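Structure first, commentary second.
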Amino acid sequence: MIDLRTPISEDQIRQLHVGDVVAVSGTVVTARDAAHKYMVEQWIEGTPAGDDAALLAILRPVLAGGVIYHCGPVVRQDESGRWHFVAAGPTTSSREEPYEHKVIGALGVRAIIGKGGMGDLTLGACAEHGAVYLHAVGGAATLIAQRVREVEDVYKTEFGLPEAFWRIRVEDFQCVVTMDSHGGSLHKEVLEKSRRRYREIMGG
Amino acid sequence: MKILPDLEKHTLELVRLASTQLPADIVDALERGRDAEAEGSAARATLDTVLANIVMAAEASSPICQDTGTPVFYVRHPWDYPTPPMREAMAAAVREATACSYLRPNAVDSVTGANSGDNSGEHFPAFYFEQWDRPDEVRVDLMLKGGGSENQGIQYSLPDRDLGAGRDLDGVRKAVLDALVRAQGHGCGPAVVGVCIGGDRGGSIAVAKRQILRPLGDRNPDTTLAALEDELRAKGNELGIGPMGFGGATTVLGVKIAKAHRLPASFFVSVVYMCWAARRHAMIIKAGEVSYD
């Protein structure tokens, strides 16, 4: 097991390879469909002003060397107004494929946690900028929520609670490297193998 | 006309059970899958995590998966029970379950993008009502259908030139296995796969989805379809996609197939993909007594 604590350096990322098991600790920001569209359209390709610029100023230092988690949690707010993660497994990452390479390039994110893997654009960005894709076990939501020690803050709740940016502190969040910064992708391998098996089984 | 007392309260418990506890047949199949994977493999470690999470979720009474999905209610009831009050009570239970964090607020207005915050919305939750001839017995089957798996569902229209799939059972085989190859690990396998051969576009998918309610160990009364179910489960597992798409022997927990009459012009094959967190639970209200299955 390899410890990855935020902020993560490029050097640490370059040492990782497909199949390595890592334990992520530190600050992680959740972002899924609405958040990715927003980051690219407002921050990266737009000219952020007002609230958008303010949020960018808050999250840029967290995301540089940081971790994005594809997750829309089940949350609970206690009497004092503090939020808690109740269930928080990964959501399907491939929906962020049009955006992620831009996010990695522009914001210096070092690790993406999700499920199902991503495509060539993201794989290319991982190689170019020094980032990895980490696979968590889809559906293991109660177990993963217990690795979340604290909800530090939440932004953009107008996207809906599952789609908001949740800034959380995690301890020993276990994942597997399935896309590394050297062009390796377990997802590509399994896809090619299963396509070959399909042709063999169907005799074509 | 008869009204069920306390239906909202009983349905809240049904939702809690469905979100936090998996049916025994699914857990058994996941355990068998884990045992079939090689020592030290990612597939085995994944299924170990899955099984540990199932135990934790049940103990903590918290959702197995954060995507608590679309609540789909299949209600069978006697002719003298009107459906509007049942629908109202069950929708209220879903709102209550959301406030209790058994469900994530999952209903988003498709035009404005606004999340209703309580799982209420247009055509949300989903209800299917059907009258049956059992007096004084109401059965509610609830499925929580997660979005990641739902996105992997697909409908083929045969013949399909790309697959070389014609209008016959071999074409059906090609379509179903192609759906699994496309899905890879995106829908959180190992999967339970519901299939409908034929029907119209909408009805075909509804029938395929309903197959997910069937216990894994049941036997299709149609011997041709029963054989096809066994064959496609075995061949699906030969694809080597494995749990979460990590590679491995366990890609499919079960394949359940129904057929529907089609038009001469149409030949649809509808495939509904259900994640390993195949959350389904039943509530039976018989002569005032409530039981859960």
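The values are calculated or read from the model by the stated rules, or taken from the named source; none is laboratory data. What you see is a predicted model, and the numbers here were worked out from it, not measured in a lab. No Cβ is skipped: glycine too gets one built from the backbone with ideal geometry, and neighbour counts run over all protein chains shown. Protein only, heavy atoms only, side chains kept; ligands, DNA and RNA dropped before computing areas. Shrake-Rupley method; radii C 1.70, N 1.55, O 1.52, S 1.80 Å.
Data for the structure
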item	result
Residues of region B:107-120 classified as over 20 Å from the mean Cα position of the chain (by Cα) and within 12 Å of another protein chain (Cβ to nearest Cβ), total	9
Count of residues meeting criterion [of a type in the set (D, E, K, R), within 14 Å of chain B (Cβ to nearest Cβ) and either open to solvent by less than 60 Å² (accessible area, probe 1.4 Å) or under 14 Å from the mean Cα position of the chain (by Cα) (or both)] in region A:33-53	1
Candidates A:GLU200, A:GLU189, filtered to the one that is touching a Gly at 6+ places or on another chain (Cβ under 8 Å), modelled with pLDDT of 95 or more and within 10 Å of chain B (Cβ to nearest Cβ)	A:GLU189
Test result for B:PRO63, in contact with a Ser or Thr (Cβ under 6 Å, 6 or more places away or on another chain) and not charged (D, E, K, R)	yes
Condition check for B:PRO82: facing chain A (nearest Cβ under 7 Å) and under 29 Å from B:PRO5 (Cα atoms)	no
Listing of helices (runs of 4 or more DSSP H) fully contained in region B:1-119 that carry 3 or more residues being open to solvent by 30 Å² or more (accessible area, probe 1.4 Å) and under 30 Å from B:LEU239 (Cβ atoms)	B:24-36, B:42-60
Test: residue in region A:107-115 that is surrounded by fewer than 17 Cβ atoms within 10 Å (Cβ to Cβ), more than 17 Å from A:LEU16 (Cα to Cα) and of a type in the set (D, E, K, R)	no
The listed residue being open to solvent by 30 Å² or more (accessible area, probe 1.4 Å), out of contact with any Phe, Trp or Tyr (no Cβ under 7 Å at 6 or more places or on another chain) and either within 30 Å of A:HIS70 (Cα to Cα) or within 14 Å of chain A (Cβ to nearest Cβ) (or both), out of B:GLU130, B:GLU150	B:GLU150
Region A:7-32, residues that are surrounded by fewer than 18 Cβ atoms within 10 Å (Cβ to Cβ) and in a helix (DSSP H, G or I)	A:GLU10, A:ASP11, A:ARG14
Filtered residues of region A:180-204 (kept if of a type in the set (S, T, N, Q) and either in contact (Cβ under 8 Å) with a residue 24 or more places away in the chain or in contact with a Ser or Thr (Cβ under 8 Å, 6 or more places away or on another chain) (or both))	A:SER181, A:SER185
Flag if A:VAL148 is within 17 Å of B:MET56 (Cα to Cα) and either without any contact (Cβ under 8 Å) to a residue 12 or more places away in the chain or crowded, with 24+ Cβ neighbours inside 10 Å (or both)	no
Unique match (being more than 11 Å from chain A (Cβ to nearest Cβ), touching a Ser or Thr at 6+ places or on another chain (Cβ under 8 Å) and at pLDDT 95 or above) among B:HIS10, B:HIS77	B:HIS77
Verdict on B:ARG104 being basic (Lys, Arg), in contact (Cβ under 8 Å) with a residue 40 or more places away in the chain and more than 12 Å from chain A (Cβ to nearest Cβ)	no
Residue in region A:54-75 that is farthest from the other protein chains (Cβ to nearest Cβ), counting only those that are open to solvent by 40 Å² or more (accessible area, probe 1.4 Å) and part of a helix (DSSP H, G or I)	A:PRO61
Residue match in region B:43-58 (condition: of a type in the set (Ser, Thr, Tyr), within 9 Å of another protein chain (Cβ to nearest Cβ) and within 20 Å of the chain's Cα centre (by Cα))	no
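Listed here are the residues, each with its yes/no results for (1) farther than 24 Å from B:ASN119 by Cα; (2) surrounded by 18 or more Cβ atoms within 10 Å (Cβ to Cβ); (3) within 12 Å of another protein chain (Cβ to nearest Cβ).
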residue: A:GLN77; (1), (2), (3): no, no, yes
residue: A:PHE85; (1), (2), (3): no, yes, yes
residue: A:MET118; (1), (2), (3): yes, yes, yes
residue: A:THR142; (1), (2), (3): no, yes, yes
